[in-house]
Each structure stands twice: as structure tokens, then as C-alpha cells.
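Below is one structure; the comments refer to it alone.
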Amino acid sequence: MAQLMAAVAEERDKIGTEPPVDVEERAATFAGTIDETVVAEAGGRIVGMIHVEVSRFGYGELGMLVDAGWRGRGVGSALVRASIDLARERGLHKLCLDVWPTNAAALALYRKFGFVEEGLLVKQYRRASGELWDALSMGLVLD
């Protein structure tokens, strides 16, 4: 999982994390989150993952990444579906996430599953370059 995160971080425009990623440190962090993380594997290699950070207020925050070579092939859909199932199993009432407004593929994926835009976070994330990026907050109320 840590190696996948490092690879996606290298792209600099899909997730908030930017290089360099300390793979050993990140692997140790991930080791404690197994119960809330779903992975997609192909050929014995992790090609995608989604994490549900459970809030004490009954909602979950999503963080997802998919290997560049596996995007557009159903991995993201399978992961989002699995995260919704996991959230329901945990008794959560809502899932939420932040996404770059420029990430059209991710926005389409989340909308497909019923996530709606809840707000624009203006200049929310400081990038390594010093730029300030907006983020779009989305949510899905679970039945």
C-alpha cells in the first residue's frame, strides 16, 4: 500500500500526498488501519486502495488511490462500492471526501455512486510548490 501511495504521489495531481513518501513510515501507519482499508489486487500486486477513516461522530472520510495503469478499468468502482458496504457494516450514516475540482474522472466516479457536492474549500491545500489548491467536498448519506 505504501509503495502504491508513493507511485501515485509522484503524479502530483491525484492525491494530497506529494513526494517524497517515506515508504517504511507509511507502511507502519497503514499496518494499523487494516480494518478500515480495502485493497484491489491484480497479479499479486496491490493496484488500488480505499480507506474509511471512521469519525467518532458516525461518518467516514474516504481516501482512495488507484495505480495509473488500472484507472478506467473498474477498480475505482469496486473500491467505492466496497467502502459503502464497509461503512454500512460499521453503522456509519455518511461518507465524505475531498477531491480536486480538476479531477474529472474521480468526480464522475463519486457522482455515479450518489455522492453530491457539499462545498468548495478555497485554497485549502498548500502544495510543495507553494501553490494553494481548492478542494471539493462531497458526501453520501447512507440509507
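Readers should treat all values here as calculations from the given coordinates under stated rules, not as data from a laboratory. Small disclaimer: the values here were computed from a predicted structure and weren't measured. Positions of Cβ are generated from backbone atoms using ideal geometry, with glycine treated the same way; all protein chains shown enter the neighbour counts.
Tell me which residues, restricted to segment 92-143, are of a type in the set (Val, Ile, Thr) and in contact with a Ser or Thr (Cβ under 9 Å, 6 or more places away or on another chain).
To start, the set of residues in segment 92-143 that are of a type in the set (Val, Ile, Thr) comprises 99, 102, 116, 122, 141.
Residue satisfying the conditions is VAL99 alone.
Only one of these is of a type outside the set (A, V, I, L, M, F, W, C) and in contact with a helix residue (DSSP H, G or I) (Cβ under 7 Å, 6 or more places away or on another chain): GLY69, GLY43, GLY76, GLY16. Name it.
On the way: GLY69 fails: in contact with a helix residue (DSSP H, G or I) (Cβ under 7 Å, 6 or more places away or on another chain); GLY43 fails: in contact with a helix residue (DSSP H, G or I) (Cβ under 7 Å, 6 or more places away or on another chain); GLY16 fails: in contact with a helix residue (DSSP H, G or I) (Cβ under 7 Å, 6 or more places away or on another chain).
The unique qualifying residue is GLY76.
Go through (1) free of Cβ contacts under 8 Å to residues at least 24 places away in the same chain; (2) within 19 Å of GLU36 (Cα to Cα) one by one and return the number of the condition GLY74 breaks.
Looking at each condition in turn, GLY74 falls short on (2).
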